[in-house]
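Right, one structure below, let's go through it.
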Amino acid sequence: MTSTSLVAYLVLFAVVGFLFLFVALLLGRFLRANDPTTEKMEPYECGEPPVGASFVRFDLRFYVIALVFLILDVEIAFFFPWATVFGKATRLTDPNLSQSAATATFEGLVGSRESDADKEGNPWVDDAVTLARASLVDMAVFFGVLLVGFAYVWKRGDLDWVRADSPRPPNVAISDETAGGGC
């Protein structure tokens, strides 16, 4: 396949995809009912009548919590490759594992090694134990960095739902004059 035909296929794919989307939207525009009423044009608030303006500025705390969740959620995805390697490495240490299953598992982890294929039993136990320990240490370091970052965010107060902007020292009484009560 030449590069010109590859580009032609990609352009064809993009054009067909655009046409599917455009035709579906155009067909929906012509077939759907058009009956705008005042009630239909109101903002929807969970079945309750809307109170106030429809545009409300959200508090930044919502975004901070969402970003912390998103960051931790994405970082959790890094645990899956580690779990796969760790699981295959610990599977290789099983003494009841057949030679063919051990060979297939080891080749799935690090590729083929012809020099160890003539040994009796499972020739890769030592390599598997080393790989399992290394992956466990790597993930412990990664998880430690996550915990340090989480502790920093927590200590800084970014996870507190109600946070005072200007902390007042304790045991400071507010007099009537400063509170606006004295005239």
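Each value in this text was obtained by applying a stated rule to the coordinates, not by laboratory testing. Everything numeric in this text was worked out from a predicted model, so none of it was measured. Note that each Cβ is placed from the backbone with ideal geometry, even for glycine, and that neighbours are counted across all protein chains shown.
Results, tabulated for the structure shown:
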quantity	calculated
Pairwise label distance in nanometres, VAL64 with LEU19, each label 7 Å out on the Cα-Cβ vector	5.3 nm
Cα-based shape type of segment 1-81, given that a ≥ b ≥ c are square roots of the gyration tensor eigenvalues and the cut on a/c is 1.5	oblate
